[in-house]
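The values are calculated or read from the model by the stated rules, or taken from the named source; none is laboratory data. If you're wondering where the values come from, they're calculated on a predicted model, not measured in any experiment. We place every Cβ from the backbone using ideal geometry, glycine too, and count neighbours over all the protein chains shown.
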Amino acid sequence: MRERQLELDCVRGLALSLMVLSHSAVMYAVSMLKAPGEAATVLWALGETAPAWFFFAFGMTFDRLLAKPPGVIFYRLRLFFYLAVVHNALVGRPVQVDFLAFLWLAQVVLLAVERWLHPRNVHYVLAWCALIVSMLAYPHAYWDRWFRHIVPGFFPLLPWGLFVVGGLLYQRFRGTRRLWPAGALLVVLSLAVAAVQPWLQWGSWRFNKLVLTAPYVMLLTGSAVLLLETVRLRPSLYLRLPVVPWLFELFSLNLLLGTVLHYLPLYAFHSFEYAWVPTEVLRVNHRLGVVLVTLASLVLLPLGIRAARWVWERLGPRRALIPEEIVGITGLLLGLLLWRMRQESLAEPGAEIIHIRAAYAFLFVPILARMALGMGEERKES
């Protein structure tokens, strides 16, 4: 049995926790029919770094996928494709590079590069550095805009793929050398570039996530390396934290399932708060509301993961009665229907969409959870 890698548990658990943090804060603000307050805005900005941590963690695990037999790799890519398309329906439209679609595309591209080009680690390092330099030298959003023209979406393959390559390189180098100087250098360079940006007025040199910039990539990549090197070289500091190591290990072992299930309390809270605001105090004291909703989501998510696993294990052979393709098609059709209903409701002034939010929470999210659980059942290659 493979020994647990604390750094991987840490980065995965942190990524999922930051995603909950971001979405909980904004969802609460929306459900209170208010603009996000200071607390929600700060939590949202912090939580919005979650994709970078997710993609870095994916890069760390890529070699595990690469080592699997071709039949198993194709099977997993096929299931992940269904899940990504259904997730796209959840967040907007089926043809776009959103969070899970980016992960699927990154897997396909990296597998093709490894199988056909056989690059060495130094090639990845040079390509990473060259793209960072080009992002600093070219006009703002050059690569971002170029790749969005091919397939629209929040996460174009480049430059977001830099986080994946960063995680891949960290995992390959971690056992041979201390990497914290590289992490510190990236953080210092990112801060230096951002510091001179106001004088240069060059858009490519500022921190920006929505249209990804080089300082943002360097800062978060360097921060990830520094954090993970601290955990690797001083594991006792991490293991002495209360609750965190247990929670992060649970999230790491169930990352895909947790990513899907974290929508359940969000949509459920949104539905309930439209119908019944808990207390007037939560309307007045915005910070208290944001904190309580975020903590409730972080408490409910582990319970949801345990419950889903409990049901899945007790279904036994019966869970294979419905093929993954049927589940995926059902989820896609339901997602498109709910998305269309939501668009029509939003077009009507004063319309409430509590029934649509409830359908997302109690119909659509379970379908996604079923697909995520199916992804964990690795088929043996015949």
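Quick rundown of the values:
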{"item": "Filter result for GLN5 (more than 16 Å from PHE163 (Cα to Cα) and at pLDDT 80 or above)", "result": "yes"}
{"item": "Qualifying residues in the range 32-71 (those that are in a loop (DSSP other than H, G, I, E, B) and modelled with pLDDT of 70 or more) - the one nearest to VAL164 (Cα to Cα)", "result": "THR49"}
{"item": "Check on ALA296, at pLDDT below 90, hydrophobic (A, V, I, L, M, F, W, C), surrounded by fewer than 22 Cβ atoms within 10 Å (Cβ to Cβ) and in contact with a Pro (Cβ under 8 Å, 6 or more places away or on another chain)", "result": "yes"}
{"item": "From ALA57, ALA45, residue being within 20 Å of PHE99 (Cα to Cα) and touching a residue at least 24 places away in the same chain (Cβ under 8 Å)", "result": "ALA57"}
{"item": "Of all residues making up the range 356-382, the number that are at pLDDT 75 or above and charged (D, E, K, R)", "result": "1"}
{"item": "Yes/no for VAL243 being aliphatic (A, V, I, L, M) and touching a helix residue (DSSP H, G or I) at 6+ places or on another chain (Cβ under 8 Å)", "result": "no"}
{"item": "Index of the failed condition, PHE74 passing every other in (1) assigned to a helix (DSSP H, G or I); (2) at pLDDT below 80; (3) more than 30 Å from PRO245 (Cα to Cα)", "result": "(2)"}
{"item": "Selection count where residues are of a type in the set (D, E, K, R) and without any contact (Cβ under 8 Å) to a residue 24 or more places away in the chain, scope the range 186-222", "result": "1"}
{"item": "Enumeration of residues in the range 95-112 that are outside any loop (DSSP other than H, G, I, E, B) and not aromatic (Phe, Trp, Tyr)", "result": "LEU100, ALA101, LEU103, LEU105, ALA106, GLN107, VAL108, VAL109, LEU110, LEU111, ALA112"}
{"item": "Any pair with Cβ under 7 angstrom, 6 or more apart, that starts in the range 225-247 at a residue that is hydrophobic (A, V, I, L, M, F, W, C) and ends at one that is in a loop (DSSP other than H, G, I, E, B)", "result": "VAL225/LEU179"}
{"item": "Entirely in the range 149-245, the helices (runs of 4 or more DSSP H) that have 2 or more residues that are surrounded by 14 or more Cβ atoms within 10 Å (Cβ to Cβ) and hydroxyl-bearing (Ser, Thr, Tyr)", "result": "214-233"}
{"item": "Selected residue (criterion: surrounded by the fewest Cβ atoms within 10 Å (Cβ to Cβ)) from residues of the range 86-105 that are over 15 Å from the mean Cα position of the chain (by Cα) and in contact (Cβ under 8 Å) with a residue 60 or more places away in the chain", "result": "ARG93"}
{"item": "Residue ID - nearest to TRP310 (Cα to Cα), chosen from residues in the range 333-355 that are modelled with pLDDT under 75, of a type in the set (A, V, I, L, M) and part of a helix (DSSP H, G or I)", "result": "ILE354"}
{"item": "Residue in the range 114-125 that is in contact (Cβ under 8 Å) with a residue 12 or more places away in the chain, within 22 Å of the chain's Cα centre (by Cα) and surrounded by 12 or more Cβ atoms within 10 Å (Cβ to Cβ) present", "result": "no"}
{"item": "Condition check for PHE163: among the aromatic types (Phe, Trp, Tyr) and within 16 Å of the chain's Cα centre (by Cα)", "result": "yes"}
